[in-house]
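First comes the structure, then the notes that go with it.
Nothing in this text is a laboratory measurement; each read-out follows from the coordinates by a stated rule. Keep in mind that what you see is a predicted model, and the values were worked out from it rather than measured. Every residue, glycine as well, gets a Cβ built from its backbone with ideal geometry; the counts of neighbours run over all protein chains shown.
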Amino acid sequence: MATPIEILFLLSLQMSVPLVLTALGGMFSERSGVVNIGLEGMMLIGAFMAVWVTDMARSPWIGLIGAAIGGGALAFVHAVICVKYKGNHIVSGAGLILIGAGLTEFGSKAIWGHKGYSDPLPSFLVLPKIEIPGAENIPVVGYALSSMSPMIYLMFLMVIICWYVMYRTPFGLRLRAAGEDPSTLDAAGVSVEQTRMIGVVISGVMAGLGGAYLSIGYNSAFGSGMTAGRGFISLAALIFGNWTPIGCALAGMFFGFLYGLGILIEGLEQFAFLDPYTEFVAMIPYVFVIVALAGIRRSVPPKSIGVPYEKEKRA
């Protein structure tokens, strides 16, 4: 029988996956200079596409690809509006959230006959758990390691990959320059518009994968309310993490821990006296997000974030 600490460790990892993946994606968009509050809509599209494509292709791995494409496609719309046509980033992001909600409700009704939710997937179409023989004997972490979703491993891998891309590749240097000093990037002969659009699309791909975990990794069906504000929590983790890969990961895991703690408290008999107040228990992650953001003093956004760039005319 697992102890509360072991259960909390597993729940923390499970709840961290969508937050960390989406926050890392948002980092690429905002480090390039494009504000992206539409992450919630991209997660929702990713969750929907994961179930739909999995159902059609009969493979959850292809479903993950579908989720990435769906999130990336919605992000591309944001990129065109904000980068190419110099639209307002906040208005565009808010619009994408509404589009994501509307499209998924319409799509679920058209495909499964239910407005806002899908038919459950059979167990063999849900992402399989990775079992490590003997891991259950390891104190505290063994319960989680003995049967863990592959997307938890993907989360840690993506932190490393994103750090390397951001700080050790020419693309990462150009992306950071697009958000800090786009005129310098332009003077070097690199397209600011193209760099920013790629950064925004990457954010959608990552948010789509975060949404996919909710529907085919943690659950086995799509529901219109399953993101439950996680896109905004991811945005908070991005800011709290100071727009860095390691910071995004640590902040996302911190908020994931708070989600897991809330679930554990609701499930333990010792806290049965809180049953009439379960809504207040569910508020724990959101309250701590507000407290954490209120205490931020050192988070410094990219200098040119949210500022449309006009290409300089050369004589």
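Please arrange 131, 6, 30 by how many other C-beta atoms lie within 10 Å of their C-beta, fewest to most.
Fewest-to-most Cβ neighbours within 10 Å comes out as 131, 6, 30.
Could you work out which residue, out of 46, 142, 33, moves most in a Gaussian network model of the chain, that is, has the largest mean-square fluctuation with Cα springs under 10 Å?
Comparing 46, 142, 33 in a Gaussian network model of the chain, the most mobile one is 142.
So what J values fall out for the stretch 179-185 if you push phi through Karplus, 6.51 cos²θ - 1.76 cosθ + 1.60 with θ = phi - 60°, rounded to Hz, Gly and Pro as x?
x, 9, 8, x, 5, 5, 4
Of 200, 289, 17, which has the largest mean-square fluctuation in a 10 Å C-alpha GNM of the chain?
It is 289.
What FRET efficiency would be calculated for the residue pair residue 59, residue 165, taking the C-beta separation as r and a Förster radius of 30 Å, to the nearest 0.05?
Computed FRET efficiency for residue 59 and residue 165: 0.65.
How far is helix 284-294 tilted, in degrees, relative to the longest principal axis of the Cα atoms in the chain, given as a value from 0 to 90 rounded to the nearest 10?
Orientation of helix 284-294: about 30 degrees from the principal axis.
Quick check on the chain: helices-only [θ] at 222 nm, where DSSP H runs of length 4 and up contribute -39,500 (n - 2.57) each and the sum goes over total residues. Nearest 500, please.
-21000 deg cm²/dmol
Shape of the stretch 1-143 from its Cα gyration tensor (a ≥ b ≥ c, root eigenvalues): rounded if a/c is under 1.5, otherwise prolate when a/b > b/c, or oblate?
Here the stretch 1-143 falls in the oblate category.
Hey, what angle do you get for helix 192-212 against the long axis of the chain, alpha-carbon based, 0 to 90 degrees rounded to 10?
So the inclination is approximately 10 degrees.
Just check the stretch 1-84 against the gyration tensor rule for me: Cα atoms, a ≥ b ≥ c as the square roots of the eigenvalues, rounded for a/c under 1.5, and otherwise prolate or oblate depending on whether a/b exceeds b/c.
oblate
Quick one: how many lysine pairs does the chain have with C-alpha atoms less than 20 Å apart and a gap of 8 or more or different chains? Give me the count, please.
So the count of such lysine pairs works out to 7.
Stretch residue 266-residue 193 to full length: gain in nm at 0.36 nm per residue minus the Cα-Cα span?
So the chain would gain 21.5 nm between residue 266 and residue 193.
Between exposed trypsin sites (Lys or Arg not before Pro) in the chain, where DSSP calls loop and at most 13 other Cβ atoms lie within 10 Å, what's the longest gap?
The segment 130-296 is the longest one with no such site.
Once both axes come from the Cα atoms, what is the angle between helix 39-57 and the longest principal axis of the chain, in degrees from 0 to 90, rounded to 10?
60
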